[in-house]
Structure formats: structure tokens, C-alpha cells
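To start, the structure under review is shown below, and the notes come after it.
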Amino acid sequence: MTTIPTNNDIERSDLGVFYLSVSFLLVFSTLLLFFTSGLLSASPIETTETRVSQTTAPPPETEPQYIECRGVIFIDPGHGFLNIHGTLDRGAGQNTYFYHYSDGMFEYQLVMYISRKIADVLTERGFTVLMTRDGGMDTTMSRARRIAMAYEADSILFLSIHADAFAHSNPDVARSAQGARIYFNRNNPHGYGEKSYIFSRYLARAIDYTQGASTRQTLLVPNQNFTELQAAMPSALIEVLFLTNPQDAAKAATPEWQYLMARTLAYGIENFVATRLE
Ligand SMILES: [Zn+2]
């Protein structure tokens with residue numbers, strides 16, 4: 001038995017064709033969009049043409065500044081090796097507020113956390129970062145060897161990271177010292193005195209900026225004796241804070257502060273390198 005199509009049936013089948021066309025168009029345009037966006041994002045080099053055709057492109061000043069050949073940054077997490085007596089040099093820790101707040105951590109561990117985070121941030125920004133130590137602590141290493149390593153690696157900067165402790169018979173005096181101090185050697189034997197001073201100023205500015213200070217808070221301390229400051233490249237040694245100050249120690253024990261300090265120092269390093277290349 002055959003059925004004669006009614007008007008309703010005809011309308012329904014017309015609608016069916018209509019829906020089919022609409023859904024086909026939708027699928028087609030979705031595929032087209034997917035394909036073209038895939039093509040754009042997959043292109044390895046952003047050409048001038050694509051930049052011009054992108055009407056939503058950010059203004060030029062917000063585009064990332066790519067610096068070619070950034071070079072090697074050498075980070076020295078202080079202590080952490082066997083000393084000449086064959087015992088591990090842990091740096092400051094015991095009898096400090098930091099030791100208490102961090103559940104038994106020493107300076108050599110804190111500066112390692114910060115150094116690794118600096119390396120992560122700078123590596124992401126295109127730098128090559130090398131460190132004097134990265135875990136293994138079964139060998140001895142003199143301070144002279146640390147700067148020699150940086151020189152052999154053709155590094156453009158050397159930054160030694162420490163945390164301070166203030167020993168004093170009066171506990172009130174002992175806990176009074178706080179904040180960061182940056183040591184530099186304006187009489188660097190290899191002629192990097194001025195650049196080391198400028199590098200230190202960049203680090204201090206980055207710390208002051210992070211802390212919201214409108215004036216210089218971070219101390220810059222001239223020093224001709226630290227071996228780390230005799231490097232054949234711009235160099236600085238930072239004491240990030242005082243483990244013997246209750247407020248500093250409480251901050252230092254948190255991963256949030258460690259990461260903030262690492263990002264701040266990475267920012268100072270990157271800014272200094274950028275001006276060197278101008
Ligand atoms: Zn130290």
C-alpha cells in the first residue's frame with residue numbers, strides 16, 4: 001500500500017532538508033574555523049602578514065621582548081658541601097627562629113629552594129641557568145671553585161644566595177636585624193666592579209619594588225673580601241633575610257615567600273641583562 005504524501009508530510013520533509021542544510025553548514029563552518037585556527041596556532045614563526053591581519057593583536061609595547069643569546073646565568077646556593085673537616089656545611093640554622101618555624105631546616109636548604117625556583121623562572125624566560133650544586137653534597141667545594149665553575153661555563157652573571165644570622169649575647173639585639181642585604185665588590189680584580197654594583201642595584205630595586213617600598217630599603221654593602229665577589233664577571237652575594245629575626249624567619253619558612261623571592265631576583269637579573277645588551 002502506498003501512501004500519498006499530505007501537505008503536512010511535504011512541509012515536514014522540507015523542514016528536514018532545511019535542518020539538514022543548517023546542521024551541515026554549522027558542521028562545515030565549525031570544521032573550517034577549527035582548521036584555520038589550528039593552522040594559525042601551529043605556524044612556527046609569526047610572520048608579518050599574520051600579525052597585520054590579527055585585528056585583536058596586543059599593542060606593540062605589550063609584546064614580549066625577545067633577547068637573543070641571553071647567555072648563562074650562574075646561581076650559587078650557598079653552603080651545602082662537605083667542609084675541609086669532612087662534615088656538611090649547613091650554614092645558619094640551629095638556634096634560629098627559622099629552624100623552629102621550618103621544623104629543622106638550615107640555610108643550605110632554604111637557599112637551595114630559592115635557587116631552584118630562580119632557575120625555573122629564568123629557564124622559562126629563555127636563559128640557561130647553571131648552579132654550583134643541585135642536590136649532591138658528598139664532595140667538598142671551595143668558594144674559589146664555585147666562581148671558577150662559572151667562568152669555565154662562560155657565564156655572564158654570578159649570584160650567590162645566602163640567608164643571614166645575627167649572633168649577639170643580647171637576644172633582643174640578635175633578633176633586631178632583618179631584611180635583605182646585597183654585597184658587591186666595586187674593586188673586582190677583573191674590572192667588573194662597576195657592573196657588579198649596577199647588578200646589585202637592580203636586585204635591590206626588584207626587592208624594594210616587590211615589597212611596595214617607595215624608597216631604598218634593601219641594603220647595598222661594599223665588600224672586597226668575599227671570594228664570590230672576585231668572579232671574572234658581574235657578581236653579587238645576597239643575604240635574602242635574617243633567620244634570627246622572628247618575622248623574617250616565619251616568612252622564609254613558607255613556599256609562597258620562597259617563590260616570591262625567587263621571582264623577584266629573577267626579575268632583577270633579567271632587567272640587568274636587558275640593559276647590558278642595549
Ligand atoms: Zn651563608
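Every read-out reported here was derived from the displayed coordinates using simple, explicitly stated rules and does not represent laboratory data. Source: prediction; values computed, not measured. Cβ: placed from backbone, ideal geometry, glycine included. Neighbour counts: every protein chain shown.
Based on the Cβ-Cβ distance from S169 to E124, what FRET efficiency comes out when R0 is 51 Å, to the nearest 0.05?
So the FRET efficiency works out to roughly 0.65.
Report the net charge of residues surrounding Y267, where surrounding means a beta-carbon distance below 11 angstrom and charges are Lys +1, Arg +1, Asp -1, Glu -1.
So the environment of Y267 carries a net charge of +2.
Count the net charge of all other residues whose Cβ sits under 13 Å from the Cβ of E256, scoring Lys and Arg as +1 and Asp and Glu as -1.
Its environment carries a net charge of +3.
What is the local net charge at L243, summed over the other residues whose Cβ is closer than 12 Å to its Cβ (Lys, Arg +1; Asp, Glu -1)?
-1
Roughly how many whole Å is it from the C-alpha centroid of region 241-265 to that of region 99-134?
About 12 Å separates the Cα centre of region 241-265 from the one of region 99-134.
Give me F81, F166 ranked fewest to most by other Cβ atoms within 10 Å of their Cβ, as a rough exposure proxy.
Ranked by crowding around the Cβ, least crowded first: F166, F81.
With the crude spin-label approximation of a point 7 Å out along Cα→Cβ, what separation in nm comes out for A250 versus D154?
Spacing of the two 7 Å Cα→Cβ label points: 4.9 nm.
Just want the ordering: T139, T96, from fewest to most Cβ atoms lying within 10 Å of their own Cβ.
Ascending Cβ contact count within 10 Å gives the list T139, T96.
Determine, for V273, V173, the number of other Cβ atoms within 10 Å of each Cβ, and report the residues in order from fewest to most.
Final ranking by Cβ density, sparse to dense: V173, V273.
I'd like the Karplus ³J(HN,Hα) series for region 159-170: coefficients 6.51, -1.76, 1.60, θ = phi - 60°, whole numbers in Hz, and an x wherever there's a Gly or Pro.
Working through the residues one at a time gives 10, 9, 10, 9, 10, 8, 9, 10, 9, 7, 5, 8 Hz.
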